Amino acid sequence: MEFVRLDGNALALVFALEAGGSADLVYVGARLPDGEDLPALAAASARGRHESQPDVPPCPGLLPERKAGWSRTPALALRRNGQRIDTDCRVSDWGVQDCSITITFVDAVAGIEVACHWRIGAGDVVTARLSLANRGDATLNIDCLASLALPIPARFTERTSYSGRWAEEMQEHRQAIAPDGLARQSAIGKPGFSGGNWLLLHAAGEVLGAHLSWSGDHLLALEPDAQGAGDGRTMLQMGADWNAGEMSLAPGESFTTCPAVFAIAPDRSALAQALHIHLRTETLPERAKSEPRKVHLNSWEALGFDLSQDKLIALAEDAAGLGIERFVLDDGWFAGRRNDQTSLGDWTVSRDVFPQGLNPLIARVHALGMDLGLWVEPEMVSPDSDLYRAHPDWCLHIEGRERPTMRGQLALDLARAEVRDHLFAALDALLRDQAIAYLKWDHNRDLFPSGAGQTQGFYALLDALCAAHPHVEIESCSSGGGRIDFGVLARTHRVWPSDNNDAIERLRIMRAWSQFLPLEVLGSHVGPSPNPITGRQIAMDFRAKVAVFGHMGVEADPARMTEHDRAVLAAHIALYKAWRGVLHEGALHRLDHPDPGVIGLIAVHRDEALALVAQTEFAAAFDVSPVRLAGLAPEASYRVTLPEPWPNKARHYLATPGLWREGIVLSGTALMTHGLALPLTHPETAWLIALERLPA
Ligand code: GLA
């Protein structure tokens, strides 16, 4: 047995590797002192054999297989010539380089070679993949191949899983890891709203976050060793889910899975920061990091399908008056698309809506100091479209069966090169012929029947388009947050977290997503009031403050706002512009508050910080507990101000308004322990808190 240690900045992984035997993870957690006795560490957690176990207890380790008495989900399920293969992979070799390890396993009888690659990267986030090579002389069918098999130390006793639906994404559920574990799966060709590709595990003073970086279907299994058949640990596995028969390897071929990532941190804020660092430095495309995130105005909630050049120009003029920097033309601009039942696939500018094409609108938008974004849904086709009439076989379908629609549409088969080539040509022409700075790339239908190679086809199309138009920014939208993952974010600038712009719902949704994703990739728009989805009426001050904490935009018609609301909105757009550097480059901390209705976040960057605290309910106590900040330097002094405008009702309860305008100076310690007593009694009250660190 050999022990190998991989160190991150604050993380250590210790592997136990036995040539001809198994590969196990002996330790995962806080970085160990140099010189830690690794055999002793392994001995300290080793268990003796107990009753009702195989004579040699199985070690699922990093490659759980159905062998030696281990009976739960295997990391690989393979077939050859229609026969299931009972694999028995043994460690043959391993190599360590800097912060990464590759462990190779061989099963000579089955004719396969498996390699497990783990790397500790930016933020101490571990990226894991598995590769499989067919060393046999017949085709190998892969039914399942997990990206990650992670034996979870027994100190992790609770989990937070996610569920959701349209307009209510990322609902958190924290509970004990029950003996029956957790199994999650998506089966609609994308992660969907179900949240099964995200998971948190909790131990005292530690939280582990895991995610599958894949925009297709996923499988997640969290299996405690309830019967003690293994070693008492819980096994976490994450991997892409494929159609039966979709994946096969000819002799000599090999395949590497999509990555899964995980990180361990002392608390949820530290975990969020680690994942944000990882995404910012290793995942997002280069071009997504350089420019400040422009304030959007999106036409959808303002005009819907009721588009005309004049209406859009009027909307653009109103937008510019608010300080908007990008005008996004949503659905309805192409071919015969006057409602959601037609014309997907016909990506040419509608001459009915734009008699002279898009260029007059674009010229006006540019003259107003903005650039133009455009909505597209390339992977879809309406049965009522020229594309479908020309190529009825291009959609996902089963020959001889009905073709059920969703939102009146079918999905194209992206695995077919001619379909991708056609879409590339259509999108390329749009981007070449018009000055389009941004695409809102939507995906509003689940994939049924499912399509083999669909996600790979989607990535190939996106990659080709990004290579041809490197300056165009892209948003991943899927009826809101139906396709959000690190795989899509390796190719896009931002995501649309939800169609729900109701600021109370949005606050919860943004906080949940920001556990994994930094604020700059999370679109956050000021919607209309009453909100079209929830019917709730919310003051502009609250809507605007919530939208500042993300990639800010407006999705409402300024012409239908009061003069006062427009002024409040413009003031918040100016605040966003002043603070976006801090919000989008800083470290995000979640603020704890005893009142369940109060939600708080603070972004800290160099000598500045901006916090948002918002009351979503009617508080039980009139004098709500002071807000305690986080992430500050304890010894440093900060000037604290409350940027105006202030919430209408709550402003009257401020004890010393003058002081909050000028600024009070307090230490980081005082701000983090004593806190600030702000009026947060009434629902829909939000405050921004600005902090400037004073020179020592
Ligand atoms: C989806 C998106 C919306 C909007 C509509 C347009 O529902 O999530 O934001 O773009 O499509 O049809």
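Any read-out appearing in this document is the output of simple, stated calculations on the displayed coordinates, not a laboratory observation. Not measured: the values here are computed from a predicted model. Here the Cβ positions follow ideal geometry from the backbone for every residue, glycine too, while neighbour counts run over all protein chains shown.
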Going toward the positive end of the dipole of the chain, with +1 on Lys and Arg Cβ and -1 on Asp and Glu Cβ, which of Ala512, Ser45, Trp198 do you reach last? Ala512
Suppose we look only past 17 Å in the calculated P(r) of the stretch 588-661. What percent of the Cα-Cα pairs does that tail hold? 52
Calculate the dipole size of the stretch 185-245 relative to its Cα centre from +1 charges on Lys and Arg beta carbons and -1 charges on Asp and Glu beta carbons; express the result in debye to the nearest 20. 180
May I ask you to derive the FRET efficiency for Gln537 and Ala620 from their Cβ-Cβ distance with R0 = 22 Å, giving the value to the nearest 0.05? 0.40
Taking the Cα centre of the chain as origin and charging only Cβ (+1 Lys, Arg; -1 Asp, Glu), how large is the dipole, in debye to the nearest 20? 780
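For Gln434 and Ala187, what is the calculated FRET efficiency with R₀ set at 41 Å and r taken between the beta-carbons, to the nearest 0.05? Before the final figure, lay out each step's value.
Working: r = 38 Å, r/R0 = 0.92.
The formula returns an efficiency of 0.65 here.
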Run the numbers on the stretch 443-574 and let me know its relative contact order in percent, using alpha-carbon pairs under 8 Å that are six or more apart. 17
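How about the stretch 358-410: which GluC sites (Glu not before Pro) there lie in a loop by DSSP and see at most 13 other Cβ atoms within 10 Å? Walk me through the numbers on the way to the answer.
On the way: sites: Glu379, Glu399, Glu402; in loops: Glu379, Glu399, Glu402.
Passing sites in the stretch 358-410 are Glu399, Glu402.
Using DSSP to define loop residues, name the GluC sites (Glu not before Pro) in the stretch 634-696 whose beta-carbon has at most 14 other beta-carbon atoms within 10 Å.
Values: sites: Glu635, Glu662, Glu684, Glu692; in loops: Glu635, Glu684.
Counting only loop positions with at most 14 other Cβ atoms within 10 Å, the GluC sites (Glu not before Pro) in the stretch 634-696 are Glu635.
Kirkwood hydrodynamic radius for the stretch 273-379: how many Å is it when counted over pairs of different Cα atoms?
Values: mean 1/r = 0.0653 Å⁻¹.
That comes to 15.3 Å for the stretch 273-379.
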Place a point 7 Å from the Cα of Thr669 along the Cα-to-Cβ direction; which residues of the stretch 633-660 have their backbone N under 20 Å from it? 633-640
Least to most buried among Ser71, Ser147, by other C-beta atoms within 10 Å and fewest first, runs Ser71, Ser147
Rounded to the nearest 20 debye, dipole of the stretch 236-389 from Cβ charges on Lys, Arg, Asp, Glu: 440
If we count other beta carbons within 10 Å of each Cβ, what is the order of Thr157, Thr681, fewest first? Thr157, Thr681
In percent, what relative contact order does the stretch 575-696 have, based on Cα pairs under 8 Å that are 6 or more apart in sequence? 33
Here the equivalent ellipsoid of the stretch 420-528, derived from its Cα gyration tensor, has semi-axes (largest first, whole Å) of 26, 17, 13
Lys and Arg at +1, Asp and Glu at -1: neighbours of Leu219 with Cβ under 10 Å from its Cβ sum to -1
Give the separation of the Cα centroids, the stretch 390-437 to the stretch 471-490, in Å. 18
Taking just the C-alpha trace of the stretch 322-461, give me its Rg and Dmax in Å. 15.9, 54
Would you be so kind as to identify which of Ile112, Ile101, Val125 lies farthest towards the positive end of the dipole of the stretch 89-136, taking Lys and Arg as +1 and Asp and Glu as -1 on Cβ and the Cα centre as origin? Ile112
Here the gain from full extension of His50 to Glu253, 0.36 nm per residue of separation minus their alpha-carbon distance, amounts to 68.9 nm
Straight-line reach from Lys649: which aspartates and glutamates have Cα under 12 Å away, leaving out those fewer than 8 places along the same chain? Asp541, Glu684
The stretch 31-57 and the stretch 67-140 have their Cα centres apart by a whole-number Å value of 23
Lys/Arg Cβ at +1, Asp/Glu Cβ at -1, dipole of the chain taken about the Cα centre: which of Ala411, Pro54, His593 is farthest positive-ward? His593
Computed Kirkwood radius, in angstrom, where 1/r is averaged over Cα pairs of the stretch 528-656: 16.2
By the mean-Cβ-within-10 Å protection proxy, highest first, 192-205, 284-297 rank as 192-205, 284-297
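Wrap a convex hull around the Cα atoms of the chain, take a quarter of its surface area, and give that in square nanometres. List each step's numbers first, then the result.
Working: hull surface 130.5 nm².
Hull-based average projected area comes out at 32.6 nm².
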Cα pair distances exceeding 15 angstrom across the stretch 645-696, given as percent: 53
Rounded to the nearest 500, what is the 222 nm mean residue ellipticity of the chain from helices alone, with -39500 (n - 2.57) per DSSP H run of 4+ residues and division by all residues? -6000 deg cm²/dmol
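Find the relative contact order for the chain and round it to a whole percent, using C-alpha pairs within less than 8 Å whose residues are 6+ positions apart. Spell out each step's value before the answer.
On the way: 1653 pairs, mean separation 67.0, N = 696.
For the chain, the relative contact order is 10 percent.
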